[in-house]
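The values are calculated or read from the model by the stated rules, or taken from the named source; none is laboratory data. Note that the coordinates shown come from a computational prediction; the quantities given were computed from them, not determined experimentally. So basically every Cβ, Gly included, is an ideal-geometry build from the backbone, and we count neighbours across all protein chains shown. Areas reflect the complete protein model, heavy atoms only, side chains present, ligands, DNA and RNA absent. Shrake-Rupley method; radii C 1.70, N 1.55, O 1.52, S 1.80 Å.
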Amino acid sequence: MSLRIVVCVKYVPDATGDRRFADDTTTDREGVDGLLSELDEYGVEQALRIAEAHGDAEVTVLTVGPDDAKDALRKALSMGADKAVHVNDEDIHGTDVIGTSAIIAKALEKTGFDLVVCGMASTDGTMGVLPALLAERLGLPQVTLLSEVSLEGTTVKGRRDGDAATEQLEAELPAVISVTDQSGEARYPSFKGIMAAKKKKVDEYDLDDLGIEADEVGLGGSWTAVEAIAARPARTAGTIVKDEGEGGKQLAAYLAEQKFI
Amino acid sequence: MGEILVLVDHADGVVRKPALELLTLARRIGEPSAVVLGAGSAAADIAAKAGEFGAAKVYVADGAEFADQLVVPKVDALTQIAKTAGAAAVLVTSSGEGKEVAARVALRLGSGIITDAVDLEAGDSGPVATQSVFAASFQVKSKVSHGTSVITLKPNSTSPEAAPAAGAVENVTVEFTGKAAKVVARTPRVSSGRPELTEAAIVVSGGRGVGAAEGFGVVEELADSLGAAVGASRAAVDAGWYPHSNQVGQTGKQVSPQLYIAAGISGAIQHRAGMQTSKTIIAINKDEEAPIFELVDYGVVGDLFTVLPQLTAEVKARKG
C-alpha cells in the first residue's frame, strides 16, 4: 500500500496586514486577507520531498477553518499535494488549541495516515503546540521542530536544534512530525500545478462526520477565556539624529543617560 | 492559595535564569514548588537554588528516559506530580520544548493552556496571564477556565528575586508511558561565551545592512563591550552570515531585553515580532525611511560601520 502522508495546514490572516480581534475576542478573519500560513509551506514542501523520495506516496492536505480556508488548501494542492480535506462547521468558530487538536485528530483518523506533517507554528496564534497535542491524542511519537528530516524505510529521522543542544531523533511510523523554516525552501506553484489543483479532490467534513458534539468545541467549549484585549500603546516617538561624525558618541551619551553604561 | 509547580529548566547542571523568573512569578499566585527532571547528580544543587528563589518543595525525578526520549518522559513526570500534589497551576518556560511539554500535560490534566505569556498576576478566579500578540501590536489578558492553569512564560517576563524557602527535596518515581521519539545523539551547543540570547539584558543585532559574515565583527565588538548577546535578522541568517540559533524574529528567538540595538535592520514584521517588547530600542540604519525608526527610543541615521566602532570605543572608555 502506498505511503499516506497528511499535512496539517492553517489559513491565517496576512501578517503584513492590519491584524486585529473581532468583537467576540476571536481573531478577525474577515477584515484582513487570509493565506496559507507561511510556516506551513515548509510542511507541505517536506511532505512532497518525502513522497518524491519514496516513490509510492499520496500527500493529503488537511485544514480546519471557514469557507475561505479553501484558499490555503488550493495553494498546497498547486504546490503538488494530491488531495485535500476541509473540516468546516459554523460551530468550530472560536475553538481553542485543545479543541482544534481534537478535531484534527478525528479528521486524521477518518482520512487515514502513516505520517502526519505540520509546520512549526501558525503565524497568527504562534503557539507551536498542535503537533505535540496531535501526538498525545493519537498515542504516537512526536518528532518535532526538525530542521532536517528523512524517511528511511519505516523510520523517520530528523535533526532538532534546541536551545541548549542539537538532537538527532528517530521514530517508527506512524508518527507526527513538525518542520521548521530551516528545513528547506518551499517551492513555488508552477502554472501547471495551479491548473491541476483546480481539478483535485477536496473532501468536506463537518462536526457530525467526525462524531464531535458542538458543545465540545467553539468559544463555549474553550478551556481558556480572554478577559481583556488592548492595543499596545504606540511607542512614543524617539529621538532620531543624523550621523555627522558624532553618531556613535551621541548614542553613547544616550546610553549613559539611560544608565546602560 | 494552592501549590504552583514550576518546571525548572537546566543545562549543564545549572538552573537557567528563566526558571528563577518562573519561581518569582509563581509566588504571586500561590506557593511555588519546583520540579527538577533528569538532572542526575546536579539535582541537589539545582534544588538548593530553587529553594533560594522560593520553592518550599522540590520534586526530583531522574532516569535515563529523560535524556533518551523526546518530551514524553517530562510529560509523564510533570503530569504525575501535578495530579499527586493537586497543583493549582503549572508554569513552564516558553521554549520550543517547554511549550510541547506543557501542552501535553494540559491535555492529560484536562486543562486549558496559555503559551508565551509575558506577565502573570493573581485574579479573582485563578491566575491571569498577559500575552503580547500579532507581532506585539496587542496585549491580551486571559486565564485558563477549565482545570489546572497550565501557562508557559517567555524568558525576561520578570526579574528573578530571591526569597529563601525550605526547598525540601521529595524524590519521585515516575511511571514512563513510552511512545516517544528516540534521541539517538545529542550535541551540546558550543557556547559563544556571550549571554544566552533570550535571557540577555542587552541584545545587539545585525541585519542586511551588515553586508557580509565578516561585517558581524563590529556587531560582536559592540556586544562584547556591553556584555550583550548577539542577534541577527532573518535576512542576515538566510544569507548565511550568522547562525540560525541567533535569529531574532517570528521564526527565530523572541527576545525582550532591557536594551535592543538593531544595526542595519529595516524592521520588517518578521523581525518586529521577535523584539518589539524590548524595553528600550535603538537603531542604526542608513535609510531614514526604514520602518525600524518607528519603534526606536533613539535612532541614528548613518553607516553602521562608522557608528558602531565609535560607540564601542566610547563604551569602553566610559567603562574604563
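Going through the stretch B:189-268, which trypsin sites (Lys or Arg not before Pro) have at most 15 other Cβ atoms within 10 Å and a DSSP loop state?
Numbers: sites: B:Arg189, B:Arg208, B:Arg234, B:Lys253; in loops: B:Arg189.
Here the sparse-neighbourhood loop sites are B:Arg189.
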Shielding of B:101-113 by other chains, given as the mean Cβ count within 10 Å, works out to 5
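Only Cα pairs under 8 Å and at least 6 apart count here; give the relative contact order of chain B as a rounded whole percent.
Values: 732 pairs, mean separation 48.0, N = 320.
Once normalised by length, the contact order is 15 percent.
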Structure-based [θ]222 nm, chain A - -39500 (n - 2.57) summed over DSSP H runs of at least 4, per residue, nearest 500:
-8500 deg cm²/dmol
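When Cβ neighbours within 10 Å are restricted to other protein chains, what is their mean count per residue of peptide B:119-131?
Values: counts 0, 0, 0, 0, 1, 1, 2, 0, 0, 2, 2, 3, 3.
The mean count of partner-chain Cβ atoms within 10 Å per residue comes to 1.
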From the Cα gyration tensor of the protein assembly as shown, with a ≥ b ≥ c the square roots of its eigenvalues, which class applies: rounded if a/c is under 1.5, or else prolate if a/b is larger than b/c, or else oblate?
oblate
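Loop-only check: which GluC sites (Glu not before Pro) in the stretch B:111-182 are DSSP coil with at most 14 other Cβ within 10 angstrom? If you can, show how the numbers build up before the last one.
On the way: sites: B:Glu121, B:Glu161, B:Glu170, B:Glu175; in loops: B:Glu161, B:Glu175.
Sites meeting the loop and neighbour criteria: B:Glu161, B:Glu175.
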With a 1.4 Å probe and all protein chains left in place, how much accessible area per residue does the stretch B:154-211 have, in Å²?
56
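So, with +1 on the Cβ of K and R and -1 on the Cβ of D and E, and no other charges, what is the size of the charge dipole of the protein assembly as shown about its Cα centre, to the nearest 20 debye? Write down the numbers at each step before the final one.
Working: 55 positive and 82 negative charges, 185 e Å.
Roughly 880 debye for the protein assembly as shown.
What is the percent carbon and sulfur in the accessible area of the protein assembly as shown, measuring with a 1.4 Å probe over the protein chains and ignoring ligands?
Percent of accessible area from carbon and sulfur atoms in the protein assembly as shown: 48.
Can you compute the helix-only [θ] at 222 nm over chain B? Use -39500 (n - 2.57) per DSSP H run of at least 4 residues, normalise by all residues, nearest 500 deg cm²/dmol. Can you show the working numbers first?
On the way: 9 runs with 94 residues, N = 320.
The helix contribution divided over chain B gives -8500 deg cm²/dmol.
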If we restrict to alpha carbons, what Rg and Dmax does chain B come to, in Å?
20.8, 60
Relative contact order for the stretch B:50-150: what percent, with Cα pairs under 8 Å and sequence separation of 6 or more?
23
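Quick one: dipole size for the stretch A:16-69, taken about the Cα centre, charges +1 on Lys/Arg Cβ and -1 on Asp/Glu Cβ, in debye to the nearest 20. Kindly include the intermediate steps, with their values, before the conclusion.
On the way: 4 positive and 15 negative charges, 34 e Å.
Approximately 160 debye in magnitude.
Give me the percent of DSSP beta bridges within the protein assembly as shown that run antiparallel, rounded to the nearest 5.
Numbers: 44 of 120 bridges.
Taking every DSSP beta bridge within the protein assembly as shown, about 35 percent pair in antiparallel fashion.
Rounded to the nearest 5, what % of DSSP beta bridges with both residues in chain A are antiparallel?
Working: 17 of 44 bridges.
Here the share of antiparallel DSSP bridges comes out near 40 percent.
Kindly compute the accessible surface that chains A and B hide from a 1.4 Å probe when together, both sides summed, and give it to the nearest 100 Å².
Its buried surface, counting both partners, is about 7100 Å².
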For the stretch B:267-300, state which residues have at least 50 Å² less accessible area in the presence of all protein chains than in their chain by itself, taking the probe as 1.4 Å and leaving out ligands, DNA and RNA.
B:Ile269, B:Asp297, B:Tyr298
Radius of gyration and Dmax over the Cα atoms of the stretch A:3-216, both given in Å:
16.3, 50
Considering only protein heavy atoms, what per residue accessible area in square angstrom results for chain A with a 1.4 angstrom probe?
44
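Of all beta bridges DSSP finds with both residues in chain B, what is the antiparallel percent, to the nearest 5?
25
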Quantify how strongly other chains surround peptide A:133-141 by giving the mean number of their Cβ atoms within 10 Å of each of its Cβ atoms.
5
